[in-house]
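Let me begin by presenting the structure, written as structure tokens, before commenting on it.
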Amino acid sequence: MTDDALLLRLPHGYRIDTVLGHVGPALRDELVGMWTGEGVLAPPDALRRVGEVVVVARGPEGEIAGVNTAYVDRPANLPVAYWFYRTFVRPSHRSAWGLPGAMFEQAIGALREHPHADRPRGIVAIVENVRLMRESAHEEIARLGLHRLGRDPAGRDVWCLNFDGSTPVAPPGMLDRA
């Protein structure tokens, strides 16, 4: 997606900055404060996760509205690595329609181009938000290029996008057989 097209999808007054590998002390403190202030992460976990931040979305007043994080891992029984992707949008910004999708689209570009030593094949997103596990949300998620692989043993939807455009297949043991 072009930068102009991405801007058209952003809610008025919002902006998204790619920060992967470039989080300085001021942003680090702001991110830790946001996560701990929202009760999402304890301080040690927030400090560790700062190194995984891909994009930061800012609201009309310049405050952090949401973040995407990703880390590289190998799914069960697969010899290739993937980026494991998360999104957090602050409750006060969840009504900003289109924000999570725009954040994801910008993050895809950054992760696809990142020179990680393991050369991740794509992105895996494990959805914990029950509203996003509804059939009505599946179409929007699929529009972003993700393929639903099924549910993991914890009952969460597992989505994947391969950077080469191929259709991902869940490795044995990754999904719940029930």
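Values in this text are rule-based calculations from the coordinates and carry no lab data. This one's a predicted model, so the numbers in the text were calculated from it and none came from an experiment. Reconstructed Cβ throughout: ideal geometry from the backbone, glycine too, with neighbour counts over all protein chains shown.
At q = 0.09 Å⁻¹, what log₁₀ I(q)/I(0) does the chain have when each alpha carbon counts as one equal point scatterer in the Debye sum?
-0.31
Under the definition of Cα pairs under 8 Å and six or more residues apart, what whole-number percent is the relative contact order of the chain?
Across the chain, relative contact order equals 19 percent.
So what are the ³J(HN,Hα) numbers for segment 71-83, from phi and the Karplus equation (6.51, -1.76, 1.60; θ = phi - 60°), rounded to whole Hz, Gly and Pro as x?
Working through the residues one at a time gives 9, 9, 8, 10, x, 3, 6, 10, x, 9, 8, 9, 7 Hz.
For an R0 of 30 angstrom, estimate the FRET efficiency from the Cβ-Cβ distance between HIS116 and THR167 and round to the nearest 0.05.
0.85
Please list, by residue number, everything in segment 97-134 whose backbone N is under 18 Å from a paramagnetic label point 7 Å out along Cα→Cβ of HIS22.
It comes to 103-116, nothing else.
Using amide H atoms built 1.01 Å from N in the peptide plane, name the residues 5+ places from ARG15, or on other chains, whose amide H lies under 5 Å from its own.
ARG58
Please state, to two decimals, what the Cα-based radius of gyration of segment 102-178 comes to when divided by 2.2 N^0.38 Å (N = residues).
Its radius of gyration relative to the 2.2 N^0.38 Å reference: 1.13.
Using a Förster radius of 22 Å, what is the FRET efficiency between SER95 and VAL72 based on their Cβ-Cβ separation? Nearest 0.05, please.
0.10
What do you get for GluC sites (Glu not before Pro) in segment 1-109 restricted to DSSP loop and a cutoff of at most 10 other Cβ within 10 Å of the site's Cβ?
GLU61
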